[in-house]
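K.L.:
The structure under discussion is supplied below as structure tokens; questions concerning it will follow.
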Amino acid sequence: MGDQENPSAAVTSAAVRPKRVSHRGRSTGPKSSSNTEEGKIEEFEAFMLLPRGPPPLNDFLDIWDVDVLKRPQEENKRGHHTHLYSSDFLIVRRAQEFQIKITFDRPYKPNEDKFAVEFVMGSSPQASKATYIPVFPNEERQGVWRGRIIETNDNVITMGIIPSPECIVGRYMIFIGVMTPYGIRRTRRDRSKDVYILFNPWSTADAVFLEDEEEREECVMNELGIIYHGAYDDVSERAWNFGQFEYGVLDACLFILDKAEMPLSNRGDVIKVARVASAMLNSRDDDGVLVGNWGGDYMNGVPPTSWTGSVEILLDYINTKGTPVCYAQCWVYAAVFNTFLRCLGIPGRVVTNFFSAHDNDGNLKMDIILDENGKVDRERTKDSIWNYHCWNECYMARPDLPPGFGGWQVVDATPQETSDGMYRCGPASVAAIKQGQICFPFDAPFVFAEVNSDVVFYRRQKDGTLETVRVNQSHVGRLVLTKAVLHDGRRDITSDYKFPEGSPEERLVLEKAEAFGCQREKTSIPACDVDVEIPVLEVRVGDKFEVILQFNNRSDQRRTADVYISGTVVFYTGVLSSEIVSKTIKVKLEPQQSKEEKVSVRVEDYMHKLVEQGNINIITTGKVKETGQIITAMKLIHMHKPKVIVKVTGSPRVSEEMYVTVEFSNPFKFNLENVDVRMEGPGILPFKYKRYSLIAPGTSIMWTEPFSPRRAGSTKLIASLDCAALRYVYGEAELTIQH
């Protein structure tokens with residue numbers, strides 16, 4: 001079960017933390033760990049002691065203008081796939097040439113004039129820390145960054161610059177420094193010339209290189225995503241606006257690394273960046289971005305089910321100078337983390353694992369305790385299986401691991417367990433998890449258990465001892481999904497994490513994991529000749545329904561069983577809330593007979609006991625009288641909610657006025673109070689919010705907003721409706737904007 005965060009503690013934790021201790025006596029200066037702090041760069045850096053007054057520099061080259069060619073339609077942003085960023089600055093990627101134009105006071109003379117383009121970062125820039133990089137135009141003075149003169153036209157030169165494939169990712173100041181016998185003459189500090197340098201999945205030299213062009217388009221450039229939730233056999237989905245190109249989001253992502261006090265010199269290492277971010281996206285121990293809350297009380301914050309995208313969250317975090325944003329659950333952590341990854345140029349995707357094992361103390365067992373008659377002992381059953389859990393995968397080389405374990409890596413910002421003393425998880429190689437190589441860093445045993453644990457049923461004897469009576473090896477990690485590439489379908493990636501159930505490869509992997517310390521249930525249980533199954537059931541909130549139990553006697557003898565049926569409202573984390581069904585039936589089966597039993601559930605049994613995601617867990621257990629064997633079946637019923645209707649009118653063209661209307665009718669027999677409605681769409685509509693104090697039974701709301709699309713292309717408008725009595729209500733509309 002995820003660690004529930006204390007919101008008040010999370011927000012005020014900085015107040016009780018001791019003040020930062022001085023670096024004095026340990027180092028000559030503080031570590032440079034802020035991309036926003038600037039050191040003083042002299043306009044004239046003297047080489048020698050000079051007489052009073054300015055040195056005679058008239059005979060030397062002077063700079064009149066520097067153009068970093070930062071307009072979206074220009075080659076730099078087009079060639080570097082950064083033209084979608086809403087930013088007034090130049091944004092480029094590592095290991096790929098970009099161009100700048102420099103205008104001098106006279107024609108440039110390569111044999112006489114000496115200058116460098118200086119890239120500077122942080123409060124104490126140093127060449128040894130890669131925070132001061134001079135780039136020279138001539139071949140004989142090349143460093144890890146390379147420069148060349150592309151074109152000379154009278155007083156103007158065009159210079160090409162290739163940043164190192166390992167360079168620090170972040171915001172650089174640019175100066176042009178001209179060498180004279182007296183010292184270096186520099187251009188003045190001009191913030192408008194700053195350049196952002198990002199990871200480059202298009203370059204084979206970069207650690208995040210992703211060969212598949214369509215995968216790059218999906219996992220770096222797509223601003224829209226789909227979050228999968230519900231049950232593995234009744235999957236629901238909702239759209240999410242990652243918004244990695246929206247105004248201010250890039251600065252917010254870099255601010256997260258500043259807030260973590262991550263040394264600038266480490267920010268070129270994608271493994272370290274992903275690991276720091278997995279800690280910083282939650283607020284458990286570092287005043288990170290999001291406060292987790294699984295308790296249902298969302299006072300003084302936004303319910304996790306209400307968010308429609310990441311932009312509002314990240315801008316709130318940076319605008320409050322790092323006050324954690326309330327509230328999140330696993331899919332919010334994963335979605336905002338995905339924005340962070342894609343924004344910085346790291347290929348990322350959100351993954352949903354259905355029936356995810358948690359709280360297993362490093363073993364591969366989820367324990368369910370039954371009494372001696374086969375009924376679930378709720379007092380003694382402590383482990384919980386999340387109906388689903390969302391995490392992220394990011395794509396990178398892993399030079400710290402043997403060959404073959406790079407590629408997709410699991411990272412998870414939901415605070416569950418500590419790793420090296422902080423609430424974080426990953427990056428853990430997906431290939432290593434599949435192969436059972438759980439000794440590899442980072443946190444592979446935890447992820448391995450999330451997809452590979454067994455559900456073990458124990459019968460508690462009168463003397464308190466536990467007897468293993470049933471093992472379900474296929475329930476956990478039943479289905480792992482992510483969004484398909486470049487369309488809204490689903491992609492089943494379960495086979496990326498594990499071999500087929502019962503295959504020889506799976507057996508070898510589990511043996512290997514055991515050798516590395518994972519414990520699993522080894523008791524051999526004889527096959528039972530009576531089965532019980534619960535078929536898939538689709539139920540809308542507010543409908544009565546029947547649970548069908550299908551019994552099958554495969555023996556040649558009569559069988560009798562006392563069967564217990566329990567239906568409990570559960571949080572999506574598997575934590576129990578209210579029991580709504582409790583029934584005992586006696587089932588008599590003739591040889592080779594199949595038989596159905598039905599249990600009716602009335603609306604009034606569950607309606608006012610549902611918790612936010614509307615999940616009801618049905619568990620059936622029983623004891624066969626003739627053999628003493630235990631039969632079990634589990635089924636998660638994911639209640640379907642009404643939808644928000646999103647309609648768009650107007651001419652779908654850039655800068656043309658259009659209208660979006662959100663409609664919702666209350667289909668229930670009770671009031672919906674303090675209803676929050678949100679809507680947004682990447683590139684077309686910044687997030688909007690409205691509260692309705694009351695929506696009475698049978699009445700409707702309609703909210704219309706004007707908007708003018710900022711850019712062409714396919715996009716979506718996403719809306720959510722949320723209140724204490726009804727959560728997880730969404731709607732969307734697709735549209736294509738023309739130039």
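The values are calculated or read from the model by the stated rules, or taken from the named source; none is laboratory data. Quick caveat: nothing in here was measured; it's all calculated off a predicted structure. Glycine also receives a Cβ, built like all others from the backbone with ideal geometry; neighbour counts cover every protein chain displayed. Calculation scope for accessible area: heavy atoms of the full protein, side chains included, ligands and nucleic acids excluded. Shrake-Rupley method; radii C 1.70, N 1.55, O 1.52, S 1.80 Å.
K.L.:
Regarding THR381, is this residue at negative phi, without any contact (Cβ under 8 Å) to a residue 24 or more places away in the chain and of a type in the set (Ser, Thr, Tyr)?
P.N.:
Considered against the rule, which asks whether it is at negative phi, without any contact (Cβ under 8 Å) to a residue 24 or more places away in the chain and of a type in the set (Ser, Thr, Tyr), THR381 comes out as yes.
K.L.:
Can you confirm whether PHE516 is touching a residue at least 24 places away in the same chain (Cβ under 8 Å), in contact with a helix residue (DSSP H, G or I) (Cβ under 9 Å, 6 or more places away or on another chain) and either closer than 25 Å to ARG559 by Cα or open to solvent by 90 Å² or more (accessible area, probe 1.4 Å) (or both)?
P.N.:
Values: touching a residue at least 24 places away in the same chain (Cβ under 8 Å): yes; in contact with a helix residue (DSSP H, G or I) (Cβ under 9 Å, 6 or more places away or on another chain): yes; either closer than 25 Å to ARG559 by Cα or open to solvent by 90 Å² or more (accessible area, probe 1.4 Å) (or both): yes.
So PHE516 fits the description; yes.
K.L.:
For region 270-307, which positions are at positive phi and in contact with a Pro (Cβ under 8 Å, 6 or more places away or on another chain)?
P.N.:
As a first pass, look at region 270-307 and keep what is at positive phi: 287, 296, 300.
Residues satisfying the conditions are ASP287, ASN300.
K.L.:
Does region 624-672 hold any residues that are among the charged types (D, E, K, R) and either in contact with a Leu (Cβ under 8 Å, 6 or more places away or on another chain) or on the phi > 0 side of the Ramachandran plot (or both), and which are they? Spell out the reasoning first.
P.N.:
Step one: of region 624-672, the residues among the charged types (D, E, K, R) are 625-626, 635, 641, 643, 647, 653, 656-657, 663, 669.
Passing the criteria: LYS635, LYS641.
K.L.:
Here's another thing I want to ask about it. Those residues that are under 30 Å from TYR458 (Cα atoms) and open to solvent by 40 Å² or more (accessible area, probe 1.4 Å), I need them from region 630-658; list them, please.
P.N.:
MET634 - this is the single residue of region 630-658 that is under 30 Å from TYR458 (Cα atoms) and open to solvent by 40 Å² or more (accessible area, probe 1.4 Å).
K.L.:
Select from region 568-583 the residues that are in contact (Cβ under 8 Å) with a residue 60 or more places away in the chain and in a strand (DSSP E or B) and write down the one among them that is least open to solvent (accessible area, probe 1.4 Å).
P.N.:
This residue is VAL570.
K.L.:
Does VAL624 count as touching a residue at least 24 places away in the same chain (Cβ under 8 Å) and in contact with a helix residue (DSSP H, G or I) (Cβ under 7 Å, 6 or more places away or on another chain)?
P.N.:
Against the criterion (touching a residue at least 24 places away in the same chain (Cβ under 8 Å) and in contact with a helix residue (DSSP H, G or I) (Cβ under 7 Å, 6 or more places away or on another chain)), VAL624 does not qualify.
K.L.:
Still on this structure: In the set GLU505, GLU533, GLU511, GLU538, which member is surrounded by fewer than 17 Cβ atoms within 10 Å (Cβ to Cβ), closer than 24 Å to VAL624 by Cβ and over 28 Å from the mean Cα position of the chain (by Cα)?
P.N.:
Result: GLU533 is the single residue among GLU505, GLU533, GLU511, GLU538 that is surrounded by fewer than 17 Cβ atoms within 10 Å (Cβ to Cβ), closer than 24 Å to VAL624 by Cβ and over 28 Å from the mean Cα position of the chain (by Cα).
K.L.:
Determine which single condition THR620 fails, assuming it passes every other condition in (1) out of contact with any Leu (no Cβ under 8 Å at 6 or more places or on another chain); (2) among the hydroxyl-bearing types (Ser, Thr, Tyr); (3) within 30 Å of VAL563 (Cα to Cα); (4) open to solvent by less than 50 Å² (accessible area, probe 1.4 Å).
P.N.:
(1)
K.L.:
On to the next question. Mind checking which pairs have a first residue in region 210-222 that is assigned to a loop (DSSP other than H, G, I, E, B) and a second that is open to solvent by 40 Å² or more (accessible area, probe 1.4 Å) and at pLDDT below 95, Cβ under 8 Å, 6 or more apart or different chains?
P.N.:
Listed pairs, sorted by first residue: ASN222/LEU486.
K.L.:
Under 7 Å between Cβ atoms, at least 6 apart or on separate chains: pull out the pairs that start in region 176-191 with a residue that is closer than 14 Å to ASP67 by Cα and end on any residue that is of a type in the set (Phe, Trp, Tyr).
P.N.:
From residues that are closer than 14 Å to ASP67 by Cα, the pairs are ILE176/PHE115; THR187/PHE175.
K.L.:
In addition: Count, please, the residues in region 476-492 that happen to be under 22 Å from VAL509 (Cβ atoms), surrounded by 17 or more Cβ atoms within 10 Å (Cβ to Cβ) and not hydroxyl-bearing (Ser, Thr, Tyr).
P.N.:
6
K.L.:
So, one more: Residues being free of Cβ contacts under 8 Å to residues at least 60 places away in the same chain, outside any strand (DSSP E or B) and open to solvent by less than 10 Å² (accessible area, probe 1.4 Å): count how many of those fall in region 595-616.
P.N.:
1
K.L.:
So, of the residues in region 385-416 that are surrounded by 19 or more Cβ atoms within 10 Å (Cβ to Cβ) and of a type in the set (Asp, Glu), which turns out to be nearest to VAL350 (Cα to Cα)?
P.N.:
GLU393
K.L.:
Does region 425-436 contain at least one residue that is within 23 Å of GLY288 (Cβ to Cβ) and hydroxyl-bearing (Ser, Thr, Tyr)?
P.N.:
no
K.L.:
Under 6 Å between Cβ atoms, at least 6 apart or on separate chains: pull out the pairs that start in region 701-720 with a residue that is farther than 23 Å from LEU672 by Cα and end on any residue that is open to solvent by 10 Å² or more (accessible area, probe 1.4 Å) and among the charged types (D, E, K, R).
P.N.:
Going by the 6 Å Cβ cut-off, the qualifying pairs are PRO706/GLU657; SER708/GLU657; LYS716/GLU732; LYS716/GLU734.
K.L.:
For region 703-712, what are the residues that are open to solvent by 30 Å² or more (accessible area, probe 1.4 Å) and not acidic (Asp, Glu)?
P.N.:
Scanning region 703-712 gives THR704, PRO706, SER708, ARG710, ARG711, ALA712.
K.L.:
Going by the structure shown, is ASP556 open to solvent by 30 Å² or more (accessible area, probe 1.4 Å) and in a strand (DSSP E or B)?
P.N.:
Answer is no for this residue.
K.L.:
Out of VAL547, VAL541, VAL569, VAL536, I need the residue that is closer than 30 Å to ASN666 by Cα, touching a helix residue (DSSP H, G or I) at 6+ places or on another chain (Cβ under 6 Å) and β-branched (Val, Ile, Thr). Which one?
P.N.:
VAL569
K.L.:
Which fully enclosed strands (runs of 3 or more DSSP E) of region 638-739 have 1 or more residues being of a type in the set (Ser, Thr, Tyr)?
P.N.:
645-650, 658-665, 685-695, 700-707, 713-723, 726-737
K.L.:
Taking strands (runs of 3 or more DSSP E) that do not extend beyond region 415-518, which have at least 1 residues that are out of contact with any Cys (no Cβ under 9 Å at 6 or more places or on another chain) and among the β-branched types (Val, Ile, Thr)?
P.N.:
454-460, 466-472, 479-483
K.L.:
Residue by residue through region 665-700, note down the ones that are under 21 Å from GLU734 (Cα atoms) and either of a type in the set (Asp, Glu) or surrounded by 15 or more Cβ atoms within 10 Å (Cβ to Cβ) (or both). Spell out how you get there, then give the answer.
P.N.:
First, pick out the residues of region 665-700 that are under 21 Å from GLU734 (Cα atoms): 677-689.
If the condition is that a residue be under 21 Å from GLU734 (Cα atoms) and either of a type in the set (Asp, Glu) or surrounded by 15 or more Cβ atoms within 10 Å (Cβ to Cβ) (or both), then VAL677, ARG678, MET679, GLU680, GLY681, PRO682, GLY683, ILE684, LEU685, PRO686, PHE687, LYS688 are the ones that fit.
K.L.:
Another one. List pairs: first in region 469-488 and touching a residue at least 40 places away in the same chain (Cβ under 8 Å), second of a type in the set (Phe, Trp, Tyr) and open to solvent by 30 Å² or more (accessible area, probe 1.4 Å), Cβ under 9 Å, 6+ apart or cross-chain?
P.N.:
Listed by first residue and then by second, the contacts come to ARG478/TYR232; LEU479/TYR232; LEU481/TYR232.
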